[in-house]
1. Can you name every residue in the stretch 66-76 that is in a loop (DSSP other than H, G, I, E, B) and loosely packed, with under 13 Cβ neighbours inside 10 Å?
2. How many residues, within the stretch 17-33, are in contact with a helix residue (DSSP H, G or I) (Cβ under 7 Å, 6 or more places away or on another chain), buried (at least 16 other Cβ atoms within 10 Å of the Cβ) and either farther than 23 Å from MET71 by Cβ or not aliphatic (A, V, I, L, M) (or both)?
3. Which of the residues belonging to the stretch 23-56 are at pLDDT below 95 and part of a helix (DSSP H, G or I)?
4. Filter the stretch 77-99 down to the residues that are under 17 Å from ASP37 (Cα atoms) and either buried (at least 19 other Cβ atoms within 10 Å of the Cβ) or of a type in the set (Ser, Thr, Tyr) (or both) and list them by number.
5. I want to confirm something. Restricting to the stretch 77-106 and keeping residues that are part of a loop (DSSP other than H, G, I, E, B) and polar (S, T, N, Q), which single residue is farthest from HIS9 (Cα to Cα)?
6. Identify, from the list THR75, THR12, THR61, the residue that is out of contact with any Asp or Glu (no Cβ under 6 Å at 6 or more places or on another chain), of a type outside the set (A, V, I, L, M) and under 22 Å from MET1 (Cα atoms).
7. Kindly indicate the residue of the stretch 34-65 that is under 20 Å from ALA20 (Cβ atoms) and polar (S, T, N, Q) and also surrounded by the most Cβ atoms within 10 Å (Cβ to Cβ) among those meeting that condition.
8. Hey, could you check the stretch 1-11 for residues that are part of a loop (DSSP other than H, G, I, E, B) and touching a residue at least 12 places away in the same chain (Cβ under 8 Å) and say which is surrounded by the fewest Cβ atoms within 10 Å (Cβ to Cβ)?
Amino acid sequence: MGTITFIEHDQTEHVVKFKAGCSVMQIAVDNAIPGIDGDCGGECACGTCHVIVSDDWFRKTGTPGDDEEQMLSMTPERTGTSRFSCQIVVTDEMDGMTVRLPEFQM
């Protein structure tokens with residue numbers, strides 16, 4: 001098991017444990033992380049699971065696919081390291097990863 005830290009817009013931190021193979025969105029939902037709704041259930045269709053990955057970890061999250069890029073293009077708070085957490089499947093190498101939550105979700 002590893003840990004991931006979610007940091008809310010107001011800087012509140014939530015450190016939670018994860019098992020490799022789950023999506024970051026599912027980990028957030030299972031741990032009631034405020035600001036991650038996952039309304040579409042992980043289908044990359046709603047934009048309610050936007051996270052901003054720390055620079056150090058961004059490359060480990062993989063490359064956004066075309067569907068994710070299209071949805072991210074509509075995200076007002078998009079940054080260079082934005083991802084939809086439903087599209088990030090955690091691996092053991094992601095132990096200690098930090099993601100920030102935007103002030104607003106789509």
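1. The initial filter retains those residues of the stretch 66-76 that are in a loop (DSSP other than H, G, I, E, B), namely 73-76.
Result: SER73, MET74, PRO76.
2. Let us first name the residues in the stretch 17-33 that are in contact with a helix residue (DSSP H, G or I) (Cβ under 7 Å, 6 or more places away or on another chain), namely 18, 20, 23-25, 28.
In the following step, the residues that additionally are buried (at least 16 other Cβ atoms within 10 Å of the Cβ) were identified as 18, 23-25, 28.
Subsequent filtering for residues that are either farther than 23 Å from MET71 by Cβ or not aliphatic (A, V, I, L, M) (or both) retains 18, 23.
Here the count works out to 2.
3. Answer for the stretch 23-56, where residues must be at pLDDT below 95 and part of a helix (DSSP H, G or I): ASP55, ASP56.
4. SER82, ARG83, PHE84, SER85, CYS86, GLN87, ILE88, VAL99
5. So in the stretch 77-106, the residues part of a loop (DSSP other than H, G, I, E, B) come out as 77-81, 88, 90-91, 95-96, 101-106.
Narrowing further to those that are polar (S, T, N, Q): 79, 81, 91, 105.
Working: THR79: 14, THR81: 16, THR91: 25, GLN105: 11 Å.
The selected residue is THR91.
6. Working: THR75 fails: under 22 Å from MET1 (Cα atoms); THR12 fails: under 22 Å from MET1 (Cα atoms).
Of the residues listed, the single one that is out of contact with any Asp or Glu (no Cβ under 6 Å at 6 or more places or on another chain), of a type outside the set (A, V, I, L, M) and under 22 Å from MET1 (Cα atoms) is THR61.
7. Here the answer is THR61.
8. We begin by selecting, within the stretch 1-11, every residue part of a loop (DSSP other than H, G, I, E, B); these are 1, 8-11.
Next, only the ones that are touching a residue at least 12 places away in the same chain (Cβ under 8 Å) stay: 1, 8-9.
Numbers: MET1: 8, GLU8: 16, HIS9: 13.
Residue satisfying both the conditions and the ranking: MET1.
The values are calculated or read from the model by the stated rules, or taken from the named source; none is laboratory data. If you're wondering where the values come from, they're calculated on a predicted model, not measured in any experiment. Backbone-built Cβ (ideal geometry, glycine too); neighbour counts: all protein chains shown.
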